[in-house]
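Q: Structure below; questions to follow.
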Amino acid sequence: MANRNCRNTLHLLKRSNPFSHSSPNPSLLPSSSPLNSSPVSKFSIFGTPFHQNPIHLQPNIFHSDNKALSFFYPFRISLETKQWGVGVQNRCYGSTSGLVQRNPRFSNLNDEDVRYFEGILGAKNVIQDHEKLISANTDWLHKYKGSSKLLLQPRTTHQVSQILKYCNSRCLAIVPQGGNTGLVGGSVPVFDEVIVSLSSMNNIISFDKVSGILVCEAGCILENIISFLDNEGFIMPLDLGAKGSCQIGGNVSTNAGGLRLVRYGSLHGSVLGIEAVLANGTVLDMLKTLRKDNTGYDLKHLFIGSEGSLGIVTKVSILTPPKLASVNVAFLACKDYSSCQKLLQEAKRKLGEILSAFEFLDSQSMNLVLNHMEGARNPLPASQYNFYVLIETTGSDESSDKQKLEAFLLGSMEDELISDGVVAQDINQASSFWLLREGIPEALMRAGAVYKYDLSIPIENLYNLVDEMRTRLGNEANVVGYGHLGDGNLHLNISTSKYDDKILSQIEPFVYEWTSKHHGSISAEHGLGLMKANEIFYSNSSETVQVMASIKNLLDPNHILNPYKVLPHSLTS
């Protein structure tokens, strides 16, 4: 442990140019006072990359005399339209255990079907234009591409009910679609399924400021909900890098995790009620706004994470926490993965209730972002480190929160868990830090072909998979690891110049076997979709999967809802 009497003195950095509130819809308010001065050892915060007039500084922590805004503003995903994959019915670069065959029980769309839908929705909400259907048929990764000839845009739950009742009677397969930001092929057709878009159902129905309970329609874009709540003095317990496009109905249907799960838990805890439409058109009104309700089976949990395979979620009630004013973001460097683990332990102990995000990325992830994302800059340019950790704290007492953060940083430095680091002083710095983490998915897309795996693994073993995959693939691919360390969620990505069956055979089924052997889950937050439907047995027993299939048969006996997804094809075809 370092000698406390030999520490350098903590300095305060006065900024002459305060930040401007130019970013849209900031979801959290700034911290408004600097950390108290106290000794520091072997930790540096460099203001240089973020100032017009660089100042060379000795290794010290620098904080602002002005109000320091450190809020989470994730990078909004945007991509050029580029075809990297081909239709899944012809070839698939992922886990589908062979070619998927169209279910012969499903009917083919005809003109009479189209006329019926126009009768209930109006012609403008029945889309047949080929150009408009291209994006709806193609997933975000451009890895899966269906061939649907029809996109429906209902505006009410009753219209959704009419659509499903008719399709069930005709045995027309359906794909529910929200923002289409999924990564496992769950939100696009596999063949010619009718696409039912919830985008037009985007109204906020009610908000109770006393309880913090929001009721809204499924097509509400997450970022719009965040903006609404921000104006009301509340925040969403869910925040994603794709918040500018993803919709709350899709979030609930996939049980999206995101960056705040370490603080607020999963949607199974935040969602109080839902309204869902079954395959036969029956509307299940479970849209309760009660924290406590012990009257029978809590059926809403069947639809949270079922990926639209049991019913279409049309409305959601969700518990939202109040917005807190004291927020800080730190970007830290660690020498090895063991230090990251120990840092997480210390963060939970010393930051406790104010810890709102704990993200990690390796040096390969960092290099990808710096090389492929415009505006990305390394806040710790002095050295190349093996691992980086982004920590966010959110609380209500600025002085107490800063004291906790400072004590945590000091202790971590003395224990040599941190090699270097920087604390954001304004909104621009905080956004720059988050870009380094949230920009990784797009950087990977820009680098070429990418094999993506979203895994839950016990934290002590989590990064071993990355090391073993690098050994396994050698120079054939760039293996990167990053994710929500606070949740034990690894995003394993294998980046190559092009998709290659030889490389895929080296990755799968090894990645699933390894995860299962170490008592992990093959899907932490992305769902199973088409990609992993046949791999479900790596994480669930055959008895458990059979019960799932029984529930599917009960609620959707004709299997028209999101076919070929979630459950093994042998049980659903």
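Q: Just to verify a result, which residue in region 215-239, among those that are farther than 21 Å from ALA325 by Cβ and among the hydrophobic types (A, V, I, L, M, F, W, C), is most open to solvent (accessible area, probe 1.4 Å)?
A: Restricting to residues being farther than 21 Å from ALA325 by Cβ and among the hydrophobic types (A, V, I, L, M, F, W, C), the top hit is ILE221.
Q: Related question: How about region 382-400: which of its residues are open to solvent by 10 Å² or more (accessible area, probe 1.4 Å) and either touching a strand residue (DSSP E or B) at 6+ places or on another chain (Cβ under 7 Å) or under 30 Å from MET445 (Cβ atoms) (or both)?
A: ALA382, SER383, GLN384, TYR385, ASN386, PHE387, SER396, ASP397, GLU398
Q: Just checking, does region 277-294 include any residue being assigned by TED's automatic domain parsing to the domain that holds THR157, touching a Ser or Thr at 6+ places or on another chain (Cβ under 7 Å) and in a strand (DSSP E or B)?
A: Among the residues of region 277-294, at least one is assigned by TED's automatic domain parsing to the domain that holds THR157, touching a Ser or Thr at 6+ places or on another chain (Cβ under 7 Å) and in a strand (DSSP E or B), which makes the answer yes.
Q: Sticking with this structure for a sec: Only residues that are part of a loop (DSSP other than H, G, I, E, B) and closer than 16 Å to SER200 by Cα: list them for region 215-246, please.
A: Within region 215-246, ALA218, GLY219, CYS220, GLY244, SER245, CYS246 meet the criteria.
Residues checked against (1) basic (Lys, Arg); (2) closer than 27 Å to LEU490 by Cα; (3) open to solvent by less than 20 Å² (accessible area, probe 1.4 Å); (4) not assigned by TED's automatic domain parsing to the domain that holds LEU492:
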{"residue": "ILE507", "(1), (2), (3), (4)": "no, yes, yes, no"}
{"residue": "HIS518", "(1), (2), (3), (4)": "no, yes, no, no"}
{"residue": "ILE522", "(1), (2), (3), (4)": "no, yes, yes, no"}
{"residue": "ALA533", "(1), (2), (3), (4)": "no, yes, yes, yes"}
{"residue": "ASN540", "(1), (2), (3), (4)": "no, yes, no, yes"}
{"residue": "VAL547", "(1), (2), (3), (4)": "no, no, no, yes"}
{"residue": "ILE551", "(1), (2), (3), (4)": "no, no, no, yes"}
{"residue": "ASP556", "(1), (2), (3), (4)": "no, no, yes, yes"}
{"residue": "LEU571", "(1), (2), (3), (4)": "no, no, no, yes"}
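Q: Select from region 495-541 the residues that are charged (D, E, K, R) and touching a Gly at 6+ places or on another chain (Cβ under 6 Å) and list them in ascending order.
A: GLU525
Q: Applying the selection to region 478-521, what residues are part of a helix (DSSP H, G or I), farther than 24 Å from ASN367 by Cα and in contact with a strand residue (DSSP E or B) (Cβ under 7 Å, 6 or more places away or on another chain)?
A: THR515
Q: Which numbered condition trips up ILE205, out of (1) in contact with a strand residue (DSSP E or B) (Cβ under 9 Å, 6 or more places away or on another chain); (2) open to solvent by 10 Å² or more (accessible area, probe 1.4 Å); (3) part of a loop (DSSP other than H, G, I, E, B)?
A: Among (1) in contact with a strand residue (DSSP E or B) (Cβ under 9 Å, 6 or more places away or on another chain); (2) open to solvent by 10 Å² or more (accessible area, probe 1.4 Å); (3) part of a loop (DSSP other than H, G, I, E, B), ILE205 violates only (3).
Q: Quick check on region 364-381: of everything there that is in a loop (DSSP other than H, G, I, E, B) and open to solvent by less than 30 Å² (accessible area, probe 1.4 Å), which residue is nearest to GLN425 (Cα to Cα)?
A: The extreme case among them is PRO379.
Q: Given the conditions (1) β-branched (Val, Ile, Thr); (2) under 23 Å from HIS372 (Cβ atoms); (3) part of a helix (DSSP H, G or I), report the number of the one that VAL545 does not fulfil.
A: The one condition VAL545 does not meet is (2).
Q: Kindly indicate whether any position in region 339-347 is closer than 30 Å to SER550 by Cα, assigned to a helix (DSSP H, G or I) and either open to solvent by 20 Å² or more (accessible area, probe 1.4 Å) or out of contact with any His (no Cβ under 7 Å at 6 or more places or on another chain) (or both).
A: No, that holds for no residue.
Q: With GLY185, GLY212 as the choices, which residue is surrounded by 23 or more Cβ atoms within 10 Å (Cβ to Cβ) and touching a residue at least 12 places away in the same chain (Cβ under 8 Å)?
A: Exactly one residue qualifies, and that residue is GLY185.
Q: Given SER383, SER432, SER399, SER412, which one is in contact with a Ser or Thr (Cβ under 7 Å, 6 or more places away or on another chain) and either in contact (Cβ under 8 Å) with a residue 24 or more places away in the chain or of a type outside the set (A, V, I, L, M) (or both)?
A: Result of the check over SER383, SER432, SER399, SER412: SER399.
Q: Of the conditions (1) under 29 Å from VAL547 (Cα atoms); (2) open to solvent by 10 Å² or more (accessible area, probe 1.4 Å); (3) in contact with a Leu (Cβ under 8 Å, 6 or more places away or on another chain); (4) not in a loop (DSSP other than H, G, I, E, B), HIS268 satisfies every one except a single condition; which number is it?
A: Condition (3) is where HIS268 drops out.
Q: How many residues are over 20 Å from the mean Cα position of the chain (by Cα) and either of a type in the set (Asp, Glu) or farther than 19 Å from ALA173 by Cβ (or both) if we restrict to region 516-547?
A: Selection size over region 516-547: 17.
Q: Just to be sure, is GLU307 assigned to a strand (DSSP E or B), touching a residue at least 60 places away in the same chain (Cβ under 8 Å) and among the charged types (D, E, K, R)?
A: For GLU307, the condition - assigned to a strand (DSSP E or B), touching a residue at least 60 places away in the same chain (Cβ under 8 Å) and among the charged types (D, E, K, R) - is not met.
Q: Taking region 294-329, which residues are open to solvent by 60 Å² or more (accessible area, probe 1.4 Å) and of a type outside the set (A, V, I, L, M)?
A: Within region 294-329, ASN294, THR295, GLY296, TYR297, ASP298, HIS301, PRO322 qualify.
Q: Please pick out the residue among GLU513, GLU508, GLU468, GLU460 that is among the acidic types (Asp, Glu) and closer than 20 Å to LEU343 by Cβ.
A: Residue meeting the stated conditions: GLU460.
Q: Considering LEU473, LEU455, which residue is crowded, with 22+ Cβ neighbours inside 10 Å, under 18 Å from ASP362 (Cα atoms), of a type outside the set (S, T, N, Q) and not assigned by TED's automatic domain parsing to the domain that holds VAL190?
A: Going through LEU473, LEU455 in turn, just one is crowded, with 22+ Cβ neighbours inside 10 Å, under 18 Å from ASP362 (Cα atoms), of a type outside the set (S, T, N, Q) and not assigned by TED's automatic domain parsing to the domain that holds VAL190: LEU455.
Q: I want to confirm something. Restricting to region 143-176 and keeping residues that are open to solvent by less than 10 Å² (accessible area, probe 1.4 Å) and part of a strand (DSSP E or B), which single residue is nearest to SER197 (Cα to Cα)?
A: The selected residue is LEU152.
The values are calculated or read from the model by the stated rules, or taken from the named source; none is laboratory data. Just so we're clear, the structure is a prediction, and the values are computed from it rather than from any experiment. Because the Cβ atoms are built from the backbone with ideal geometry, glycine has one as well, and the counts that use them run over all protein chains shown. Quick note on the areas: whole protein, heavy atoms, side chains included, nothing else; ligands and nucleic acids left out. Shrake-Rupley method; radii C 1.70, N 1.55, O 1.52, S 1.80 Å.
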